[in-house]
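Please treat every number below as a calculation from the coordinates, not as lab data. These figures come from a predicted structure and were not determined experimentally. Glycine gets a Cβ as well: all are built from the backbone with ideal geometry, and neighbour counts include every protein chain shown.
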Amino acid sequence: MKMVKGVSVTAGIAFAAFYVSRLPFFHMFGMLVLAMLIGMLWRAVFGQRAALEPGIAFSGKYLLKAGIILLGMRLNLADIYHAGWHVF
């Protein structure tokens, strides 16, 4: 349960990046770049808090890897779908 705060902060940053990337000027940066910038801003303003470290480390180690794997699966499954089932 000690990871909840850190995971919540990283999820909040991800949601903020998602919505900021929908704004007219910021869409050209992309959601990933905006999330990194918002995270850097968060750390500059609030500093590094020991209570958030376990959740942030978990997010960076496991959730990021899972997201990359799911993104790759989505791209591959979309390609297979468009190519037809005979490719599968």
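Quick look at the values:
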read-out: Nearest-0.05 FRET efficiency for L64 and L23, computed from C-beta distance (R0 35 Å); value: 0.90
read-out: Computed [θ] at 222 nm, deg cm²/dmol, the chain (DSSP H ≥ 4; -39,500 (n - 2.57); rounded to nearest 500); value: -22000 deg cm²/dmol
read-out: S8 paired with I38, simple spin-label distance in nm, labels 7 Å along Cα-to-beta-carbon; value: 1.7 nm
read-out: Test item: Cα-centred dipole of the chain, Lys/Arg +1 and Asp/Glu -1 on Cβ, debye; value: 280 debye
read-out: Packing-based order for 24-31, 37-44, 52-59, using average beta carbon neighbours within 10 Å, highest first; value: 52-59, 37-44, 24-31
